[in-house]
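Reading through the structure tokens given below for one structure.
Nothing in this text is a laboratory measurement; each read-out follows from the coordinates by a stated rule. Fair warning: this is a prediction, and the values are worked out from it, not measured in the lab. Please note: Cβ atoms are built from the backbone with ideal geometry, for glycine as well, and neighbour counts cover all protein chains shown.
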Amino acid sequence: MRTTDGPVHHRVEVTHVSSWFTDTLGFDPTRAITPAHWLRTPTQRLAEVTAGAVFHDGLHAVAPARAALRWYPHDLWLHVLARQWQRISHEEAFVGRCGEVGDELGSAVVAARLTRHLMRLCLLMDRRYPPYGKWLGSAFAHTGAGDRLTPVLRAALAATDWHDREHHLAAAYETVADLHNQLGLTDRVDPTTRPYHSRPYRVLHAERFAQALTARVAGRTIRELPLPEPADTEPETQLWTGVHFTS
């Protein structure tokens, strides 16, 4: 830090707790939190307001709000996990499909995106809000699967041949599938990879996990929310858009 003779912006703001949360999240968590609030809010925002130190809470207003946001209600957690599995299902065959036509760069790009999806899924299974890209690797390293999966995912990203890339991703899929079964959120789902229909690509058919999770959602409103379509597979931190809840 350098000294200055000019104006100094100390980045200190005086505001009300409800106003700060509303400005940050788009809603006030000291009031009723709706499914739309949860699913419209980027996970990085939820991570921001629930992590880190609170140095003073003299009015005892911050702690209850943070506690209310600590994690998704159970049905919403199941839905969020199902969405992440569904995203993987849309692209898991593309590593091989790109490679088969000689597009190693395209195959590598898809593998990188699938790696990101798997890392976010591990965070969600660990009941941790995925942060934005700069901190994703650091957050993933602290998950229960971080030590086991990091070398496998690194190998997938470093591979120069799609067969090797697919091999390492298949190992990662099976590890994450085992973690899903250990959670006990659904009946056991076979964690082994298999061919993509009649084609020679090794996949998990991750939609099986999305279906199993959705089947366990108790509330009809959440259970009937749509899962991502193939066109919705670009990276995002906002989990839900475009669906209107009805009473």
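Brief remarks follow.
- Working from label points 7 Å from Cα in the Cα-to-Cβ sense, the Asn181 to Ser19 distance is 5.4 nm.
- Axial C-alpha extent at least 20 Å, average Kyte-Doolittle at least -0.5 - helices from the chain (DSSP): 104-125
- Springs between Cα atoms under 10 Å define the GNM used for the chain, and in it the highest mean-square fluctuation of Gly58, Gly133, Gly184 occurs at Gly58.
- Val203 long-range amide H proximity, modeled H, under 5 Å: Arg194, Tyr196
- Using every pair of distinct Cα positions in segment 17-68, the Kirkwood expression returns a hydrodynamic radius of 11.4 angstrom.
- Here the Karplus curve 6.51 cos²θ - 1.76 cosθ + 1.60, taken at θ = phi - 60°, turns the phi angles of segment 59-70 into couplings of 8, 6, 10, 6, 4, x, 5, 5, 5, 5, 9, 4 Hz, with x standing for Gly and Pro.
- Segment 87-174: trypsin sites (Lys or Arg not before Pro) in DSSP coil with no more than 14 other Cβ atoms inside 10 Å: Arg127
- Kirkwood analysis of the chain, using all unique Cα-Cα pairs, places the hydrodynamic radius at 19.8 Å.
- Low-density loop positions, chymotrypsin sites (Phe, Trp or Tyr not before Pro), segment 89-164 - DSSP coil, at most 16 other Cβ in 10 Å: Tyr132
- Sum of side-chain charges, Gln182 neighbourhood, beta-carbon under 14 Å (Lys, Arg +1; Asp, Glu -1): -1
- Förster-model FRET efficiency, 25 Å R0, Arg11 and Arg31, C-beta, rounded to 0.05: 0.35
- Per residue, the chain reaches -16500 deg cm²/dmol at 222 nm when only DSSP H runs of four or more residues are counted, each adding -39500 (n - 2.57).
- At full extension, His56 and His74 could sit 3.4 nm farther apart than now, given 0.36 nm per residue minus the alpha carbon distance.
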